Amino acid sequence: MRTTLFTRQSGRSASAMTGFMLAALMSPPGSATDYFDPAALELRGQVSAIDLSALEQPGGQIPGRYRTEIYLNSRYMAERILNFTLGERGLIPEITKEDLLSWGVRSQATPAFSAMSKGSLRQPIDRVLPDGQLSYDFAQRRLDISIPQAFMQQSVQGAVSPEEWDDGLPAAFVNYAYSGASSRSDARQGTVQNNYLNLRSGVNLGAWRLRNYSSWSDNGRSRQWNSINTYLQHDVKSLNAQFVAGDSYSPAGVFDSVAFRGVQLYSDDNMLPESRRGFAPVIRGIAQSNARVTIRQDGNIIYQAYVPPGPFAITDLYPVSSGGDLSVSIREADGTVRQFVQAFSAVPLMLREGQAKYALTAGKYRVVAADNAARYEPLFLQTTGSYGLTNASTLYGGIILSGDYMSSSLGSAKGLGYLGSVSIDGTWAHAQSGEIEKQGASFRFQYAKDFTASGTTFNLAGYRYSTSGYMDFNEANGYYNTPPLNASNDELIGSKQAQRVWTEWRNRHNKRSRAELNINQRLGDFGSLYLSAYQQQYWGISGRENTFNLGYSISHNAVSYTLNYMRSSSPWLSQQNNVFSLAVQIPFERFMPKSWLNVSASQTNSSGLMASAGIAGVALADNTLSYNIQQGYASRGTGGSGSATLDYKGSSGEYLAGYNVTRQTRQLNYGVMGGILVHPWGLTLSQPLGDTMALVRADKAANVKVENSTGVYTDSRGYAVVPYLSPYQRNIIKLDSGTLADDIDLTADTRRVVPGQGALVLADFPTAAGQKIMLTLNSEKTIPYGASATVTSGSQTSSGIVDDRHQVYLSGVPSRGTVKVVWQHDGCQADYVLPGDKPVIQLISLQCR
């Protein structure tokens with residue numbers, strides 16, 4: 001049923017009719033279809049009304065080209081400018097069969113779709129894909145395409161097509177971190193100055209990444225410049241791998257990581273979908289009908305899918321932790337539910353079934369040292385690999401070959417269900433230096449388990465035993481690079497040279513055994529407990545290195561308490577170190593907004609009792625300023641002390657300043673961190689940069705906040721840098737439209753980017769710079785409701801629809817220009833000049849000729 005609005009015959013105000021129309025449009029939908037007769041707006045003697053059939057549908061709009069975000073089954077697919085044409089049911093976006101295929105529709109989904117020719121879809125989608133729907137939200141500029149799963153290819157959770165990976169813009173950048181301190185002491189005359197500068201610089205060209213890491217230091221007596229590493233990197237998309245040439249590190253896992261100068265090819269987990277990273281078991285079962293499979297961990301649904309009758313295997317699961325019981329339920333079509341539990345835990349080397357990881361490294365062993373002394377840096381080749389054999393079994397191994405050293409390793413990781421998971425491996429090594437020859441073996445055991453019921457997590461329990469002749473590659477080269485000691489161990493223990501002795505003895509005496517344990521215990525409302533312990537023994541020396549750390553934390557009535565005990569000992573230290581500490585954090589917002597009171601105390605056997613109390617908090621918009629004021633006391637040495645620090649995080653960098661005072665010393669410290677980025681549109685200052693980032697471009701939109709990035713605003717030209725992004729994944733960048741100036745509009749406030757590793761990607765936000773005006777158009781011609789009014793300035797176009805009062809709202813218009821009004825086969829235009837004052841919206845009356 002249609003409701004027809006009859007033609008107006010009286011002189012009553014059109015605003016009453018407009019109000020009625022708005023009320024009708026905002027009314028809840030009923031069983032009838034509302035219909036508006038455009039002829040109802042014809043005045044006496046007027047030409048027939050403009051065709052408004054496109055506006056009859058809810059959310060309707062006139063045909064044209066619109067920037068559009070495209071979603072398929074609620075998943076973001078792409079953003080582009082789409083042309084919308086008028087079809088029998090309203091506007092139809094010009095998407096192609098090729099688009100639908102690239103978004104995952106099966107080529108043989110239906111006979112009609114299979115027979116569909118290439119080119120734009122010019123008919124309702126449900127004619128080729130039954131129950132398919134298109135819905136366009138013009139306010140959000142979002143096209144939602146709904147297609148039944150039966151017509152879709154099976155896809156992996158979190159998968160991002162390599163076609164979406166963006167190599168980014170050509171760019172050069174410097175990431176800097178400077179810190180300095182000026183100190184005075186009663187014990188000596190003058191001021192002691194210390195300065196340190198850390199530089200991480202890079203150049204991007206296509207998919208190539210050139211990186212350098214350097215540092216500079218000045219302690220008042222000497223200055224030193226050190227280039228720590230330089231390398232060139234390029235991703236290898238076909239292999240899901242990274243290629244590196246230059247200074248880098250071999251991957252840890254099978255062998256300990258070593259520094260090298262050479263080339264490396266290694267698999268990159270970041271290039272895999274999130275659901276394929278790390279380890280998760282394959283969930284297998286049998287469905288008797290079209291069933292829903294739901295998987296829960298700790299009571300939370302982490303996976304849900306619909307499967308056809310027959311055996312199924314779920315391979316794209318990503319749990320919320322590295323262990324714990326998984327509850328699997330299968331709900332059949334008749335409502336029958338079957339459940340089972342699959343336990344799993346993962347040690348670091350476990351992989352999913354059928355997944356492989358590898359690394360190939362060739363080059364020269366590199367000694368990372370600040371001096372320029374000659375070093376023994378042999379050539380070597382290292383290969384490592386691992387493969388998920390079954391749902392709960394991984395095989396791994398590797399080889400190192402060098403002129404004076406060779407080593408091979410083989411091991412296996414195994415899931416034991418409710419008992420957790422273990423890995424066991426053995427490594428054999430042979431080292432030779434002149435007439436000195438050593439060979440031996442090392443065996444490693446690791447265990448992991450998450451006891452969900454008790455809240456206990458063994459993150460890693462490990463043990464390694466090595467025979468007296470075994471040396472890993474770092475130990476062997478450290479042995480060659482360590483000069484003979486000129487004093488006995490007993491003479492040097494406790495002296496100022498103890499640290500040097502420690503390092504040299506560690507290099508001279510290879511490891512015998514090593515044990516590690518990490519446990520976390522959740523206690524519900526009673527907080528949490530953690531324990532970590534480490535012990536290492538060396539061949540040729542008595543005693544052990546020991547570190548033990550026990551902590552407890554709880555929060556009650558918004559007050560946080562942390563209690564910690566730490567003990568450490570070593571054969572090279574004259575005494576055992578014991579530290580007890582207690583920290584309490586109390587909200588202070590009743591007296592000062594966004595602030596808290598910190599109280600802490602610690603007791604050590606070497607320094608005695610130390611205590612402090614102070615206030616910390618954040619201030620300014622976006623919490624960009626943080627502060628900390630502390631008063632301290634020490635039972636030995638310094639006695640009373642005080643400190644104050646400020647840290648401001650702005651768009652162009654981070655700035656720090658602090659002042660510390662004790663009974664004997666006074667120190668002023670300061671620092672600045674940030675980035676300098678050169679890109680195709682100029683130079684932009686930023687906060688400290690990560691490796692993968694985005695350049696925001698919103699032309700002429702100054703001081704606009706970038707959401708979810710503290711202190712990041714566009715500069716005077718409309719540029720900003722989002723310093724951290726996740727590579728090979730979809731990242732959302734959003735501008736806060738509420739911070740726009742009155743004379744700037746955005747065509748869209750959200751962008752989605754998929755950067756490659758190390759890329760600088762563009763997040764472009766087209767703007768309409770200009771004023772907002774409400775035009776009243778007077779003309780000898782009768783301008784019908786629905787006529788289109790347009791102002792064009794360069795590449796920027798502002799358009800709107802004329803209402804029944806001959807008024808039109810336009811935004812982003814220049815201070816002078818021409819308004820062109822068109823309808824059917826007629827039109828008019830009017831020149832305008834805006835007055836100097838700039839209210840939010842200017843009201844202007846023009847004669848349209």
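Check the stretch 719-727 and report whether any residue there is part of a strand (DSSP E or B) and under 20 Å from residue 209 (Cα atoms). Looking through the stretch 719-727, at least one residue is part of a strand (DSSP E or B) and under 20 Å from residue 209 (Cα atoms). Among the residues of the stretch 453-467, is any surrounded by fewer than 19 Cβ atoms within 10 Å (Cβ to Cβ), among the hydroxyl-bearing types (Ser, Thr, Tyr), modelled with pLDDT of 85 or more and not in a strand (DSSP E or B)? Among the residues of the stretch 453-467, at least one is surrounded by fewer than 19 Cβ atoms within 10 Å (Cβ to Cβ), among the hydroxyl-bearing types (Ser, Thr, Tyr), modelled with pLDDT of 85 or more and not in a strand (DSSP E or B), which makes the answer yes.
Scan the stretch 392-407 residue by residue and report those that are hydroxyl-bearing (Ser, Thr, Tyr) and surrounded by 18 or more Cβ atoms within 10 Å (Cβ to Cβ). Before the answer, list the steps.
Here is the first cut: in the stretch 392-407, the residues hydroxyl-bearing (Ser, Thr, Tyr) are 393-394, 396, 402, 405, 407.
Listed by number, the residues that qualify are 394, 396, 402, 405, 407.
When you look at residue 666, is it in a strand (DSSP E or B) and surrounded by fewer than 16 Cβ atoms within 10 Å (Cβ to Cβ), yes or no? So residue 666 passes the test. Tell me, yes or no, whether the stretch 522-545 has at least one residue that is assigned to a strand (DSSP E or B), within 30 Å of residue 642 (Cβ to Cβ) and either touching an Asp or Glu at 6+ places or on another chain (Cβ under 9 Å) or aromatic (Phe, Trp, Tyr) (or both). Within the stretch 522-545 (the criterion being assigned to a strand (DSSP E or B), within 30 Å of residue 642 (Cβ to Cβ) and either touching an Asp or Glu at 6+ places or on another chain (Cβ under 9 Å) or aromatic (Phe, Trp, Tyr) (or both)), the answer is no, since none of the residues qualifies. With respect to the conditions (1) surrounded by fewer than 16 Cβ atoms within 10 Å (Cβ to Cβ); (2) more than 27 Å from residue 252 (Cβ to Cβ); (3) at pLDDT 60 or above; (4) not aliphatic (A, V, I, L, M), residue 378 lacks only one, and its number is (2).
Only a single item in (1) among the basic types (Lys, Arg); (2) within 19 Å of residue 83 (Cβ to Cβ); (3) without any contact (Cβ under 8 Å) to a residue 40 or more places away in the chain is not met by residue 127, and it is number (2).
Counting only residues that are in a strand (DSSP E or B) and of a type in the set (D, E, K, R), which one in the stretch 603-660 is surrounded by the most Cβ atoms within 10 Å (Cβ to Cβ)? Please lay out each step first, then the result.
Residues of the stretch 603-660 in a strand (DSSP E or B): 603-604, 608-619, 625-634, 640-650, 653-660.
With the extra rule that they be of a type in the set (D, E, K, R), the set shrinks to 647, 649, 654.
Details: 647: 17, 649: 22, 654: 17.
Ranking the qualifying residues of the stretch 603-660, first place goes to 649.
Just to be sure, is residue 694 at pLDDT 90 or above and farther than 30 Å from residue 236 by Cα?
Values: at pLDDT 90 or above: yes; farther than 30 Å from residue 236 by Cα: no.
Against the criterion (at pLDDT 90 or above and farther than 30 Å from residue 236 by Cα), residue 694 does not qualify.
Yes or no: the stretch 711-728 includes at least one residue that is touching a Lys or Arg at 6+ places or on another chain (Cβ under 9 Å) and modelled with pLDDT under 90. Taking every residue of the stretch 711-728 in turn, at least one turns out to be touching a Lys or Arg at 6+ places or on another chain (Cβ under 9 Å) and modelled with pLDDT under 90. One residue alone among 389, 410 is of a type outside the set (D, E, K, R), surrounded by fewer than 16 Cβ atoms within 10 Å (Cβ to Cβ) and at pLDDT 95 or above, and that residue is 410.
For the stretch 156-214, a tally of residues being in contact with a helix residue (DSSP H, G or I) (Cβ under 9 Å, 6 or more places away or on another chain) and aromatic (Phe, Trp, Tyr) returns 1. The strands (runs of 3 or more DSSP E) found wholly in the stretch 755-849 and carrying at least 2 residues that are within 30 Å of residue 236 (Cα to Cα) occupy 760-764. Could you tell me whether residue 244 is in the same structural domain as residue 728 (by TED's automatic domain parsing), closer than 22 Å to residue 689 by Cα, in contact with a Leu (Cβ under 9 Å, 6 or more places away or on another chain) and aliphatic (A, V, I, L, M)? So residue 244 fails the test. Can you tell me which residue in the stretch 796-812 is surrounded by the most Cβ atoms within 10 Å (Cβ to Cβ), limited to those that are touching a residue at least 60 places away in the same chain (Cβ under 8 Å) and not small (Gly, Ala, Ser)? So the residue we want is 804. The single condition from (1) in contact with a Gly (Cβ under 6 Å, 6 or more places away or on another chain); (2) charged (D, E, K, R); (3) at pLDDT 90 or above that residue 647 fails is (1). Return yes or no: is residue 159 more than 22 Å from residue 85 (Cα to Cα), assigned to a loop (DSSP other than H, G, I, E, B), of a type outside the set (Val, Ile, Thr) and in contact with an Asp or Glu (Cβ under 9 Å, 6 or more places away or on another chain)? Spelling it out, residue 159 is indeed more than 22 Å from residue 85 (Cα to Cα), assigned to a loop (DSSP other than H, G, I, E, B), of a type outside the set (Val, Ile, Thr) and in contact with an Asp or Glu (Cβ under 9 Å, 6 or more places away or on another chain).
Mind checking whether some residue in the stretch 636-655 is over 30 Å from residue 219 (Cα atoms) and not aromatic (Phe, Trp, Tyr)? Can you show your working first?
Going through the stretch 636-655, the residues over 30 Å from residue 219 (Cα atoms) turn out to be 651.
Within this subset, residues satisfying the condition of being not aromatic (Phe, Trp, Tyr) are 651.
Yes, the stretch 636-655 has at least one match.
The values are calculated or read from the model by the stated rules, or taken from the named source; none is laboratory data. What you are looking at is a predicted structure, and each value in this text was computed from that prediction instead of being measured. With ideal geometry, Cβ positions are generated from the backbone for all residues, glycine too; neighbour counts draw on all protein chains shown.
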